[in-house]
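The values are calculated or read from the model by the stated rules, or taken from the named source; none is laboratory data. No experiment lies behind these values; they were computed from the predicted model shown. Methodologically, a virtual Cβ is constructed for each residue, glycine included, from the backbone with ideal geometry; neighbour enumeration extends over all protein chains shown.
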Amino acid sequence: MKLVTFSVHHSKMEQFGIVIDNYVFSFEKLQLLSDYFTPLLKNVSSYLQGLPESEQHARKLYTYAQNNFSEMNKEVYYNLEEIKLYPPIPNPPAVFDFGLSPKHLLHSGYTLIEHELKGIIRPIMRKVLSRALRKTTRDSSMPYYKCNHLSISGPSDTLVWPSYTSYLDVEPELGIVIGHSETTQLNDEKKTFIAGYVILNDVSARDVQLPDFRTLCGPARSKDFDKSIGIGPYLVTPDEIDHPLSLDVSVQIGESKRLSWKGSTSDYVADPQEAVDYLSAIFTPPAGTIIGMGTIPGCCGLDNNQWLIPGDAVKISIQGLGTLKQFVPSELTSLETSRWRARKELKAYYK
């Protein structure tokens, strides 16, 4: 199932529902039609809190909509083009991001070296980085950092370009949404289940990233600004994604596909359940927690040394998960001097 939070006809009233083909059905209307009611489908929060029972109820209504579609009044459902989609998890209790794509770390590391270092030290550091990452393709350690869970953005949102960066970037990731936890009767082990997947766009300010890392406290200014965690367009249940590590990924930026990148989730060195189990061994993540698997190699500006400009439209597509479209502001406030080279495309915005 593809679950959505949406509104219609410019109304601010949010509804919770499902997508079938190109149509959106609210659970509220389906319950009225089917005479089948449950409070577990009031919104995505109650759905996540009520798993796995809530999913069973949702599937009954999904089947009802499929079987009775031809007899339904057109006021019962909407075309996708008629609605406004909101982030599928608008208020996650927590967001975490892993770095499970060494190829991305290598490519982005090369670009950081190009911008941060000079002279003979560049090729030396490239070799050091390459050797270090070859040894970490898969080991028992799975580093992650804590994201700003208050900085969620969704489909068709305009992102924020902080005044302290000249190198704003997008990072497409496979996002995992935590479901419920159960304790087994045999050995009292707790198992945390996956509620579904989302496209995650980890928006980053690249020219202030290295100073963040030097503090040994993880990303701060480089990733915690407003609207920096893009998710959407749907929460897709796991049964629709048979092989999460074999999904094609594409990114299109700007008019006439000014920038176009392709990648695959096959570059991850661990699967989603392994990431969830690793986190769950440390603490019990509450339902609705979002976990990013890491940036898809070759699909961000830092990997390619190519950058956003004001007014860009960003389309991130992941096979089976849809397309998350977001926008870069067309006008910027005055920009501070960058730690990296000034960009001629941004000349008009420097103080």
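Looking only at the stretch 44-58, decide whether some residue is surrounded by fewer than 19 Cβ atoms within 10 Å (Cβ to Cβ) and of a type in the set (Val, Ile, Thr).
Scanning the stretch 44-58 turns up no residue that is surrounded by fewer than 19 Cβ atoms within 10 Å (Cβ to Cβ) and of a type in the set (Val, Ile, Thr).
If LEU30 satisfies all but one of (1) surrounded by fewer than 20 Cβ atoms within 10 Å (Cβ to Cβ); (2) touching a helix residue (DSSP H, G or I) at 6+ places or on another chain (Cβ under 6 Å); (3) assigned to a helix (DSSP H, G or I), what's the number of the condition it fails?
Tallying (1) surrounded by fewer than 20 Cβ atoms within 10 Å (Cβ to Cβ); (2) touching a helix residue (DSSP H, G or I) at 6+ places or on another chain (Cβ under 6 Å); (3) assigned to a helix (DSSP H, G or I), LEU30 fails exactly one: (1).
Check whether at least one residue in the stretch 202-214 is assigned by TED's automatic domain parsing to the domain that holds ALA342, in a loop (DSSP other than H, G, I, E, B) and within 25 Å of VAL314 (Cβ to Cβ), and report yes or no.
To start, the set of residues in the stretch 202-214 that are assigned by TED's automatic domain parsing to the domain that holds ALA342 comprises 202-214.
From what is left, the residues that are in a loop (DSSP other than H, G, I, E, B) are 203.
Narrowing the set further to residues that are within 25 Å of VAL314 (Cβ to Cβ) leaves 203.
Within the stretch 202-214, one or more residues are assigned by TED's automatic domain parsing to the domain that holds ALA342, in a loop (DSSP other than H, G, I, E, B) and within 25 Å of VAL314 (Cβ to Cβ).
Go through the stretch 226-257 and give me each residue that's touching a strand residue (DSSP E or B) at 6+ places or on another chain (Cβ under 9 Å), modelled with pLDDT under 95 and either assigned to a loop (DSSP other than H, G, I, E, B) or hydrophobic (A, V, I, L, M, F, W, C) (or both).
Hit for the stretch 226-257 is GLY254, nothing else.
Are any of the residues in the stretch 52-66 in a helix (DSSP H, G or I) and free of Cβ contacts under 8 Å to residues at least 12 places away in the same chain? So that I can check it myself, show each step before the final result.
Taking the stretch 52-66 as the starting set, the residues that turn out to be in a helix (DSSP H, G or I) are 53-66.
This time we only want the ones that are free of Cβ contacts under 8 Å to residues at least 12 places away in the same chain, so: 56, 63.
The answer is yes, given that some residue of the stretch 52-66 is in a helix (DSSP H, G or I) and free of Cβ contacts under 8 Å to residues at least 12 places away in the same chain.
Kindly check whether there is at least one residue in the stretch 153-175 that is farther than 27 Å from SER260 by Cα, aliphatic (A, V, I, L, M) and outside the structural domain of HIS10 (by TED's automatic domain parsing). Don't jump to the end; show me each part of the working.
First, pick out the residues of the stretch 153-175 that are farther than 27 Å from SER260 by Cα: none.
Checking the stretch 153-175: not a single residue is farther than 27 Å from SER260 by Cα, aliphatic (A, V, I, L, M) and outside the structural domain of HIS10 (by TED's automatic domain parsing).
Among (1) out of contact with any helix residue (DSSP H, G or I) (no Cβ under 8 Å at 6 or more places or on another chain); (2) free of Cβ contacts under 8 Å to residues at least 60 places away in the same chain; (3) within 25 Å of LEU106 (Cβ to Cβ), which single condition is LEU259 missing?
The one condition LEU259 does not meet is (1).
Please find, among LYS127, LYS84, the residue that is of a type in the set (D, E, K, R), surrounded by fewer than 17 Cβ atoms within 10 Å (Cβ to Cβ) and assigned to a helix (DSSP H, G or I). Before you say what the answer is, go through the steps one by one.
Details: LYS84 fails: assigned to a helix (DSSP H, G or I).
Checking each option against the conditions leaves just LYS127.
Could you please give the count of residues in the stretch 190-228 that are among the aliphatic types (A, V, I, L, M) and over 25 Å from LYS2 (Cβ atoms)?
The initial filter retains those residues of the stretch 190-228 that are among the aliphatic types (A, V, I, L, M), namely 194-195, 198-200, 203, 205, 208, 210, 216, 220.
Going one step further and asking which of them are over 25 Å from LYS2 (Cβ atoms), we end up with 205, 208, 210, 216, 220.
Result for the stretch 190-228: 5.
Every residue, every condition in (1) free of Cβ contacts under 8 Å to residues at least 12 places away in the same chain; (2) in contact with a helix residue (DSSP H, G or I) (Cβ under 6 Å, 6 or more places away or on another chain); (3) not hydroxyl-bearing (Ser, Thr, Tyr), yes or no:
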site	(1), (2), (3)
PHE283	yes, no, yes
GLY294	no, no, yes
LEU302	no, yes, yes
ASN305	no, yes, yes
ALA313	no, no, yes
SER330	no, no, no
ALA348	yes, no, yes
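How about the stretch 192-225: which of its residues are modelled with pLDDT under 95 and among the small types (Gly, Ala, Ser)?
Matches in the stretch 192-225: GLY218, ALA220.
Residues being outside any helix (DSSP H, G or I) and surrounded by 17 or more Cβ atoms within 10 Å (Cβ to Cβ): count how many of those fall in the stretch 272-286.
Quick first cut of the stretch 272-286, residues outside any helix (DSSP H, G or I) only: 281-286.
Retained after the next criterion (residues that are surrounded by 17 or more Cβ atoms within 10 Å (Cβ to Cβ)): 285.
Count: 1.
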